[in-house]
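Down below is the structure, laid out as structure tokens.
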Amino acid sequence: MGRCPNKDRRPLTADGRRRSVVSGQTERLAMLDIEILKKAPILCGLSSEQLEAMLVSNPIATYQAGQVVFEENSIGREIYIVLQGQVAVQVDPAKLGTVEKGSTQTRIIRTFGPGESFGEVAVIDKQPREAAIVATEDNTRLLVLPPHLFDNVLQAQVIMNNITRDLSDKLRGSNTRLIESMLSSYFLTALVEQLTAQTQECNPIIPLQKLIVIRSPENFILSGPNCLLPHLPEKETIEISFFSEPAIMQRLLGPGEPSGAVAFNALFSIIRSGQISERIAERSCRYELQPATDRRSGKLMVWKTIDDYTRPYTLEWQIKGATYNPETRASSAALFLYIYDDEAASTRSRAGQIIANIAMPVQKYIYDTLPCNPTAASKFRVIIIHHRSHETARTLRTIQDLGYQIDTFIGIPYGDVNWDYITMLDHASNHNYMSLKLITHPTQPTRYQFDFRQSSFLETRTEKEIAALYNNPAISGDYLAAMQALAEYRLAGALQKCRERGERLIIYEDGGYIVAKIYEIYKNSQHPRHALVKAAVDEGLIAGVVEVTVAGERKNLQVIEENNGQALLPVLSNARSDIKAVFEAMGVGEAVIHASATSFGRLGLPTFQTRRVAVIGGNGAIGTRVVEQLAALHNSTANVFAVDISDRSFSLEIDPQTLPYAATRLKYRRLPRYQVAESCLPVILDQPYSERVFQPNLPAIGQAIQGFLADSSGYAELALTSSYPLPEADLQKLWHVVTQESGYQQIETMPLPDDGGMRYLLQKGDTQKTVTLLAAFTVLTFKNVSRPLRNGIDTVIGSTGYPIFSAKNLDDFLDRPNPSARTDELTLISASSKDYEFRQAIDFLNALLRLEVDAAIPAETRLGWFANFYRDALSFLAGEDFAALKTLLAGPVTGESLQNWVKVEPALAQAIGLAAEQGARWPTQVADYITQKIRQKVSIRKEIRPDIGSIYHLTVNGQAKRVVLLADGLVVNFFARHEKGVKTEYIDPIVTMQLLSLVKLANTTIEPGLYKMDLELRPEDLAVFWAAIDDYCRPLKFE
């Protein structure tokens, strides 16, 4: 209830009327009041004298904003006319029976301003007031017309006629506004009804998600004065994620007091205003707000009574990523609700149980053997950048069990991750999990934003700072910049906490993100965090780094070299450990095959059994296993090729005497390699991989050799697969026939290493040629992928971590003749965790897209692209002007270089339109000319498929082409998007070795430098590790 209004207390005259107003300001106010009364619909037809008499003889009440004129259901017969300010009509929507009492607030259905009247209905029907009237502005002045006003019959008749007409208009408008108000608040009723129908879909780990859209400002939860978002939008969109056991949600929403709608209304009221509506029974709800969150997080306790039995329910809420978009004039946020009636049924408890049950026997075995000193370990804070997986969640929990504090876990954004992963990572990291999300666009490059929705809840200040960080296009437009920005932000916070609390920091990362930033900041005295980082390094506040990947190890070596060979930090590298080489390669090899097959199926394309595949890095640790998997699928090596600078496959033999079970499980298949030179013609003779007894096809071998020797194409060597060894009698017969029919004599024989084949040097006159017979199941290897591309492969798998697939390589595919007038298709797949292999091709395709849509691209940017295009002599640039334009673009395009070029190429300059008086526009004109030239030869469209990736549809020189980039252009490690990824049995030993590295850094003083973890372990410790692996490979033993 507001303060009592001020009533007009002017002195009375002898006849009982109010004395006329005096001169000055009061007189001017009275004149304004008369003018307002003349406009009042219910006083229409009264003379000025009558209006003045009415003003003088009746009280004027003054109200401040929030004061109540009269309450709903109060008794009164006065009519009020607004002279100044505004009042609002408030009603309870529950009166209509469409919503439950207490489940929504009273609604303002209309307002009255100067000249408008209210209170007439009670004069007519003599019933209690239908609604409450509240002043909405300070100094609101109301003329109060008492019931005895109608004693004057003539005057009363005029007023009553006016009231009848005016009341009809008011009621019609009020009913419409009441209906609109009811519909605007119906979202809560609809939400409860939907939840009630879907309670069986609730889960404490995987949320049931509902989207609510609120369009009425009265119902806004996030927006408005004194709310989380100060802007007043046109609508609010809130995605609500409900985490709950089905039975608990069902009971909360079911019969009893308070109802589910009332409980949710109480929650929304707290978020909106910081208090529970007085319309909700105080004894049924209590709440606690989490500090420093601006009501974005807290806990609501609801005591629900069913048949005289009261049960407590807890609703923990978190609001993430609340934002106002000025372009759409909309507010949005994600609201997380964790609902339980007992701690054992909470998401916290359920996630803990799942994490504890993740089967990682090697890690458990090693954990049980480690000395446990939680007090000492608690002095170490850990920042982790790693995969988002079950195994990482289990390792995070183990790190905490050992006593270490997890400051931050940054998940590498390998595509979409299921909610069970997210929930586990949030709890396993002690609610310090963060990740980025990819923003894809049909014509623009992929961007990266912080994923507030799937990351752990953040304090308000932290959320605002991170949001501002990713408003910078230089950060959000590049994967590495986006990851390093977040890593640097959390590093600074962690170092400050370490200094304040006497702790030390350990960095555990996959990819060298943080170490590279530390060196950069340490050397840059102008960097705002230079003093903080330099002091931390110099004083040993950073205990060391655990590095996981080969790419990260390379970064460490690079920054040490750039720092004059001086290391700043001790780094224990697991990148090249035998454990990682063996287990990661097997896991990734399987994951590549399985997830790619899923994507091919969704595209309606053939799977690997019928595909022609080149594996970049095919002789490395991962590539070797991928080639093995493909050979098994094909039952052949005929259409499986390796692209590698090495001519031998990776192999790591495990001692079968010491570790018999592990040696059997992890053994490599024997698939010989042969590196094909540019002057070599490879001819493939197929041989079923399942046939262990080699059966040479003698007629095919002979025909291939005769055809090669008779050919004048210029090849100096023939490499013939599946042609060795031949029985001695067959071999002699073969060369006898060759000599008779071709005239070539065999003059020299050279065996290949590891019994991989035999090379024969043949001569005829002055001409020499070489024939190489290769062992069965030999995998042909090329130093560059161009030749396989030109000859028809349709799939490239990258596994090196190096940017070796270029725009020129992609052009080899675009330029090759289409098969049988069909659309030619190439699929690119990353078997590594980064996009390095295909980064250049992705940038090339994105440049073509931007040229296609005629975006406002500066001439300087386009000329930079074109310089690379002409350097690589891309096929669609061919023409009479190619050489001239290539010469121009070979160096910087400046005013001087253009003037010199125009003198040499006047005809082309004229064709471009380079007029002497417009020299300043020449760079733009050249860029426009080449842009149009490319558009005439190339059209491109990008299709985004969330379940597959990005698909580029091109027409190049009249040929239809399609490039499929699995997992959105290979910016992410694709297989984690569709499948579980690498299996637990392969990851378990790898992350356990990384865990040992962390423990060693915490318990040993190590000088700055890069060290291989295998060499830092005692032989007996390594033996224990391998023994654990061998034990879980042991065959089943029956009793």
Three-way shape label, segment 581-796, alpha-carbon gyration tensor, a/c 1.5: prolate
Rounded FRET efficiency, nearest 0.05, which uses the C-beta distance separating T861 from R602 and R0 of 41 Å: 0.70
Residues R283 and D138, FRET efficiency given R0 of 35 Å [Cβ-Cβ distance, rounded to 0.05]: 0.50
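Is it possible to state the helix-based mean residue ellipticity at 222 nm for the chain, with each DSSP H run of 4+ residues giving -39500 (n - 2.57), the sum divided by total residues, to the nearest 500 deg cm²/dmol? What is it? Please list the in-between numbers first.
Working: 35 runs with 417 residues, N = 1039.
Value at 222 nm, helices only: -12500 deg cm²/dmol.
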Reach of K38 by Cα under 12 Å, taken over aspartates and glutamates that are not fewer than 8 positions away in the same chain: E49, E52, E116
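How much length, in nm to one decimal, is gained on full extension between Q194 and T443, taken as 0.36 nm per residue of separation minus their Cα-Cα distance?
Between Q194 and T443, full extension yields an extra 85.9 nm.
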Nearby lysines by direct alpha-carbon distance to K961 (threshold 17 angstrom, same-chain neighbours under 8 apart not counted): K808, K937, K942
For segment 198-345, convex hull of alpha carbons as volume per residue, Å³: 117 Å³
Contact order relative to length of segment 644-738, as percent, for alpha carbon pairs under 8 angstrom and 6 or more apart: 29 percent
Inter-label distance, nm, simple model (7 Å from Cα along the C-beta direction), N357/R77: 7.5 nm
Rounded tilt (10° steps) of 153-197 against the dominant C-alpha axis of the chain: 30 degrees
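Can you sort L889, L966, L211, L726 by how many other beta carbons sit within 10 Å, fewest first?
L211, L726, L889, L966
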Gain on full stretching of the segment that runs from A873 to N472 - 0.36 nm per residue minus C-alpha separation: 140.8 nm
Per-peptide average of other Cβ atoms within 10 Å, ordering 481-488, 263-270 highest first: 263-270, 481-488
All aspartates and glutamates inside 13 Å of K534 as judged from Cα atoms, apart from same-chain residues fewer than 8 positions distant: E520
In nm, spacing of pseudo-spin labels at R499 and A247 (7 Å Cα→C-beta vector): 5.4 nm
Length gained when the stretch E35-A292 is fully extended (0.36 nm per residue, less Cα-Cα span): 87.2 nm
Per-peptide average of other Cβ atoms within 10 Å, ordering 690-699, 739-748, 401-410 highest first: 401-410, 739-748, 690-699
When each of K517/K1000; K364/K1037; K517/K580; K379/K1012; K886/K933 is checked by Cα-Cα distance, pairs over 19 Å: K517/K1000; K364/K1037; K517/K580; K379/K1012
Tail weight of P(r) past 29 Å, computed on alpha-carbon pairs of segment 807-976, percent: 27 percent
Estimated distance in nm for a label pair at Y367 and Q732, the labels positioned 7 Å out from Cα along Cα-to-Cβ: 6.9 nm
FRET efficiency, A916 to T237 (Cβ-Cβ, R0 60 Å, nearest 0.05): 0.55
Environment charge at D342 (Cβ cut-off 15 Å; Lys +1, Arg +1, Asp -1, Glu -1): +2
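No value in this document is a laboratory result; all are computed from the given coordinates. This is a predicted model, so every value here is computed, not measured. Positions of Cβ are backbone-derived with ideal geometry, glycine not excepted, and every protein chain shown enters the neighbour counts.
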